[in-house]
Structures are given as C-alpha cells and as structure tokens.
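S.K.: Handing you a structure now.
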Amino acid sequence: MPYPDYPALKPYKDSVKDLLAKYPNNKYDLAESAKRMTAKGFAKDSAGFWAKGGKRLVVDIYGWGIWADIGPVLSEQLRKAGFESSYSMPPDWYDQAMLGTHKGAWFMGHGASIADPYYTLFLFTSENSIPKNTTSGGGGNQLSRWSNKDFDAIVEKMNNIPMGDPRVLDLFHDAMAIWLKELPNIPFIQWFHRIPMNTTYWQGWPTVLNSYCNGAFWHLTFPLVLHKLKPAQ
C-alpha cells in the first residue's frame, strides 16, 4: 500500500483486504514472473537475462544518496529474476525522470497522508502524476505519468467530504480498486528518517522523545526547530 503504518490510516488499509487478495502485489513468485515474460515473447539468453529479438529488457534504477543502501539490493533481486539491472546515482537523474529520457526506474518517496487517505491519492491524480515540461523541480509529485479519469473523479469526491465521514471509506475502496489493478507506483519500503542531532552546542532538537515536528529539515520545518533550540553551553 502507498501508506505507512499510521494508526489513523489502519481502518482504510483494513478495508481493502479483499482487493489485496485479488491483486497480490506483495507476492514473490519467480515462476509466475517467468510465465508472464514467456507469454510476452521473451526468452532468457545465454547469460540468463530476459530478451526478445536479441534485445534485453533492461531495468536500470536511478536514485540519490539516501537510497545507496537499498538500490543495489533491489537491482540484484531483479538480476536474479532474469532482468538486467543496475543502480546508479547520476547528478541529473531527476532531470532525466522529469523529461522522460531515462527509460528505466527510479526511487521516489512521498509523505502525504497521516490521518486522511485523500492526500496520498491526490498525488496520483492526473493533475499531479504527469510532469510538466520543466527541469526546475516542478510538475508531478510521483512522476508516474499515470492518468485515469475514473480515479480522478473518485478522489475529487473525497475532497468534498469531511475527514472521517463514513462515505470516505467507500470512496477509498473504489479508488484503490483502480490503483491496485493498474499499480502506477510500486510501494516497497517504509523509509524511516535517520537524522543525527548534535547536542554539543544546542539542545531542543525534535526527537522521538520530543517529537514536536518532523525532524527532516528539508521538509520546510526548520523554522519551527529554530524556535525550540536552546544553547547547551
């Protein structure tokens, strides 16, 4: 699911167990993978990689520094399944993702819904999932280039209903019935922020024991932190 394990979101995640049974996107089955690749006309070459017409299906993964511990593991898993893959961190990876010049995959995270499932779903509406013609960091949050008008309509209805209204649960189920079937984004990890706080000179940093705000300074929370810091010496 594209949601973390926040308690407030649990009722929504529980409500789509039937859909997860129908679309088991966590299922690990190399035999099923091989069956689907073969049905599409692929065969493994002499090196054990899927290819068709003499051309391999390459899944190179791009990312940046925070994924350096995870990226190589994922690319190795893909290689073991027969997909030629590598992980790299070119300085212009985001520009390539925005412009569509990179034909492989890339890592991207989001921090949207905390209590209301709407905010994460909104990231996947046509308005947000299709990048604009820019390399300045604007455009879509997910860069999925996925568009589904039926999904858009459901999410728009959710936007006009108060958070916690029972109708949101039904609309969430309808939205996820489309999302899980088409799977425009592959959720694979809950990424925990690992941010060191140096208390030699300053104290009052946001920590698990004093979680007054998000400790990820790049999430525009640093002005809040500044108001809490006190000299340590």
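Each reported figure results from applying straightforward, stated rules to the coordinates on display, with no laboratory input. Bear in mind the structure is a predicted one, so any value in this text is a computation, not a measurement. With ideal geometry, Cβ positions are generated from the backbone for all residues, glycine too; neighbour counts draw on all protein chains shown.
S.K.: Quick one: which residues, 5 or more positions from Glu84 or on another chain, have an amide H under 5 Å from its amide H? H modelled 1.01 Å from N in the peptide plane, none for Pro or chain starts.
M.R.: Those lying under 5 Å, H to H, from Glu84 are Trp50, Leu57, Val59.
S.K.: Give me the angle, in degrees from 0 to 90, between the Cα long axis of helix 71-80 and the longest principal axis of the Cα atoms of the chain, rounded to the nearest 10.
M.R.: With rounding to tens, the tilt is 20 degrees.
S.K.: Apply the Karplus curve 6.51 cos²θ - 1.76 cosθ + 1.60, θ = phi - 60°, to the phi angles in the range 216-233 and return the couplings in whole Hz, x for Gly and Pro.
M.R.: Once rounded to whole Hz, the list reads 7, 4, 6, 8, 6, 9, 4, x, 5, 5, 4, 6, 9, 6, 10, x, 8, 7.
S.K.: Would you mind putting 225-231, 56-62 in packing order, based on average other-beta-carbon counts within 10 Å, highest first?
M.R.: The peptides rank, most packed first, as 56-62, 225-231.
S.K.: What list of ³J(HN,Hα) values in whole Hz, one per residue of the range 162-175 in order, does the Karplus curve 6.51 cos²θ - 1.76 cosθ + 1.60 (θ = phi - 60°) give from phi, with Gly and Pro shown as x?
M.R.: Using θ = phi - 60°, the values come out as x, 4, x, 4, x, 5, 4, 4, 5, 5, 4, 4, 5, 5 Hz.
S.K.: While we're on this one: Using only the alpha-carbon atoms, how far is helix 30-39 inclined from the longest principal axis of the chain? Give it as 0 to 90 degrees, nearest 10.
M.R.: Between the helix axis and the principal axis of the chain, the angle is about 50 degrees.
S.K.: First check a/c for the range 141-198, with a ≥ b ≥ c the square roots of the eigenvalues of its C-alpha gyration tensor; if it is under 1.5, answer rounded, and if not, answer prolate when a/b is larger than b/c or oblate otherwise.
M.R.: Here the range 141-198 falls in the oblate category.
S.K.: OK, next. Check cross-link reach from Lys157 to the aspartates and glutamates: straight Cα distance under 18 Å, and skip same-chain residues fewer than eight apart.
M.R.: The reachable aspartates and glutamates, counting only those whose Cα sits under 18 Å from Lys157, are Asp116, Glu127, Asp165, Asp170, Asp174.
S.K.: Applying 1/(1 + (r/R0)^6) with R0 = 45 Å to the Cβ-Cβ distance of Lys44 and Ala232, what FRET efficiency is obtained, to the nearest 0.05?
M.R.: Computed FRET efficiency for Lys44 and Ala232: 0.15.
S.K.: Okay, moving on. Add -39500 (n - 2.57) for each DSSP H run of 4 or more in the chain, then divide by its residues: what number comes out at 222 nm, to the nearest 500 deg cm²/dmol?
M.R.: On the way: 10 runs with 83 residues, N = 233.
Mean residue ellipticity, 222 nm, calculated: -9500 deg cm²/dmol.
S.K.: Could I ask something else about it? Enumerate the amide H contacts of Asn148 below 5 Å, restricted to partners 5 or more residues apart or on another chain; note that Pro and chain-start residues carry no placed amide H.
M.R.: Amide H neighbours of Asn148: Ser126.
S.K.: Under 23 Å Cα to Cα from Lys52, which lysines show up? Leave out anything in the same chain fewer than 8 places away.
M.R.: Lys35, Lys40, Lys44, Lys80, Lys103
S.K.: Hey, another quick one. If you take log10 I(q)/I(0) by the Debye sum over Cα atoms at q = 0.07, 0.18 Å⁻¹ from the coordinates, which of (1) -0.28, -1.36; (2) -0.20, -1.45; (3) -0.31, -1.46 do you get?
M.R.: (3)
S.K.: Taking only C-alpha pairs under 8 Å that are 6+ residues apart, what is the relative contact order of the range 10-145 in percent?
M.R.: For the range 10-145, the relative contact order is 17 percent.
S.K.: Calculate how steeply helix 149-159 sits against the longest principal axis of the alpha-carbon atoms of the chain, using the helix alpha-carbon long axis, and give the answer as 0 to 90 degrees to the nearest 10.
M.R.: Approximately 20 degrees, to the nearest ten.
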